[in-house]
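Reading through the C-alpha cells given below for one structure.
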Amino acid sequence: MRILVANDDGIYSPGILALAEAAQTFGEVRIVAPDVEQSSMGHAITHARPLTYRRTQIGDFEAWRVNGTPADCVALGAYQWKDVDVVLSGINLGPNLGNSIWHSGTLAAAKQAALLGMQGIAFSTPAADAKPEFDVLQPFVARVLTMLLGDRALPLVNVNLPDRPRGLRWTWQSVRHYDGAVVPGEHPQGREHFWFIVKPIEEVEEGSDRWAVQNGYVSMTPLRLDLTSEEALAEARLRHREPPDESD
Ligand code: MN
C-alpha cells in the first residue's frame, strides 16, 4: 500500500513525523508537505505561480517539500508517485472540530485526496499548552488506520485525538456553535486593527466530534464531498417552480 503523508503545519512539524512513523507498518510511506506553515489555508490551490518539489529528509522517510498549500502537496505528490492508495494528513497541532473543518488545511489535504479518487484521512490533536505526547497517540492512530485503511465506503474521514485517549467513537460534525470571532485591537501607532480568533466553545452535543474529544475519545467523522442539501433541493423544487426556458 502506498501512503502519502501531508499536513498544513509545514514539513518540519513534529506531528508529520509522528504520523509517518505510525503509518509505516501499513505500507510504503512518502512525505509531501508545505515548506512553511499553511494552517487555516483551507482548500486553497496555487494557480498563478509555479510549484517546486524539493527533496528533504524527515526522520528516515523520503520527503519532499513544496512551496504551496496542503491541497497542492497532495496533487503534486500523487502526480510524482503513481498509484497512491491513501493520503494521511497531520497530525495537526490543534483540533479540527465542528465548523473549524471549513478552514482547515489539514482536512483539505485529505479532501484533495478524495477528490482525486484516493482515500483521505485527517488527524488532529489539541496542542494548546505543550507538545503532544505522540508516543501516547501513535497506538491510537494505528488502531484508526487498522479500521479505516482500504475501506471504500469511507473515502474521507476526519479524526481528532484527545491528549490521552480512552477509546474510539464514530461522531458527526458539530456545526451548531461557531468558534470564530472578530476582536478589535489597536496598532501601536494608534490605528484600529482586527484579529480573527478561535474562541473556546463549552457547550457540546452528545455524539458530536467535539463531545468525543472533550470526553477523552478519539473522534472519527466520515465526511462527503457533495455539499448538496438533498432536503433543501427537494423543498426548493416544490416551493419555487423553475421558470420556463427562454424560447428560441
Ligand atoms: Mn495546522
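So how many residues does the stretch 92-103 have that are part of a helix (DSSP H, G or I) and within 13 Å of the ligand (Cβ to nearest atom)?
2
Checking the condition surrounded by 10 or more Cβ atoms within 10 Å (Cβ to Cβ), within 22 Å of the chain's Cα centre (by Cα) and of a type in the set (D, E, K, R), which residue from Arg176, Arg237 passes?
Arg176
Checking Val144 against (1) away from the ligand (no atom under 16 Å from the Cβ); (2) open to solvent by 10 Å² or more (accessible area, probe 1.4 Å); (3) in contact (Cβ under 8 Å) with a residue 40 or more places away in the chain; (4) under 19 Å from Asn215 (Cα atoms), which test does it fail?
All conditions pass for Val144, except number (2).
What residue, of Ala113, Ala20, Ala108, is of a type in the set (A, V, I, L, M, F, W, C), open to solvent by less than 10 Å² (accessible area, probe 1.4 Å) and within 12 Å of the ligand (Cβ to nearest atom)?
Ala108
Which pairs do you get when a residue that is within 14 Å of Thr125 (Cβ to Cβ), found in the stretch 95-113, comes within reach of a residue that is more than 10 Å from the ligand (Cβ to nearest atom) and of a type in the set (Lys, Arg), reach meaning Cβ atoms under 9 angstrom, with the pair 6+ apart or on two chains?
That search, which allows pairs on different chains as well, returns Pro95/Arg210; Leu97/Arg210.
Yes/no per residue for (1) farther than 20 Å from Leu107 by Cα; (2) more than 17 Å from the chain's Cα centre (by Cα); (3) surrounded by 10 or more Cβ atoms within 10 Å (Cβ to Cβ):
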position: Val159; (1), (2), (3): no, no, yes
position: Pro165; (1), (2), (3): yes, yes, yes
position: Leu168; (1), (2), (3): no, yes, yes
position: Gly180; (1), (2), (3): no, yes, yes
position: His187; (1), (2), (3): yes, yes, no
position: Glu192; (1), (2), (3): yes, yes, no
position: Ile197; (1), (2), (3): no, yes, yes
position: Tyr217; (1), (2), (3): no, yes, yes
position: Met220; (1), (2), (3): no, no, yes
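Looking only at the stretch 1-20, count every residue that is in contact (Cβ under 8 Å) with a residue 60 or more places away in the chain and assigned to a loop (DSSP other than H, G, I, E, B) and tell me the total.
Here the count works out to 5.
Which one of the conditions (1) at positive phi; (2) surrounded by fewer than 20 Cβ atoms within 10 Å (Cβ to Cβ) does Gly90 fail to meet, given that it meets all the rest?
(2)
Collect the residues in the stretch 35-76 that are of a type in the set (S, T, N, Q), under 21 Å from the mean Cα position of the chain (by Cα) and at negative phi, keeping them in residue-number order.
Of everything in the stretch 35-76, those that are of a type in the set (S, T, N, Q), under 21 Å from the mean Cα position of the chain (by Cα) and at negative phi turn out to be Gln38, Ser39, Thr46, Asn67, Thr69.
Output the residue which, of all residues in the stretch 116-141 that are of a type outside the set (A, V, I, L, M, F, W, C) and not in a loop (DSSP other than H, G, I, E, B), is most open to solvent (accessible area, probe 1.4 Å).
Asp135
Go through the stretch 145-177 and count every residue that is under 16 Å from Ala113 (Cβ atoms) and either outside any loop (DSSP other than H, G, I, E, B) or polar (S, T, N, Q) (or both).
So the count comes out to 6.
Can you pull out every residue in the stretch 28-56 that is more than 12 Å from the ligand (Cβ to nearest atom) and either among the aromatic types (Phe, Trp, Tyr) or touching a residue at least 60 places away in the same chain (Cβ under 8 Å) (or both)?
His43, Ala44, Tyr53, listed by residue number.
The values are calculated or read from the model by the stated rules, or taken from the named source; none is laboratory data. All of these numbers come straight from a predicted model, not from anything done at the bench. Glycine also receives a Cβ, built like all others from the backbone with ideal geometry; neighbour counts cover every protein chain displayed. What goes into the accessible areas is simple: the full protein's heavy atoms, side chains included, and nothing from ligands, DNA or RNA. Shrake-Rupley method; radii C 1.70, N 1.55, O 1.52, S 1.80 Å.
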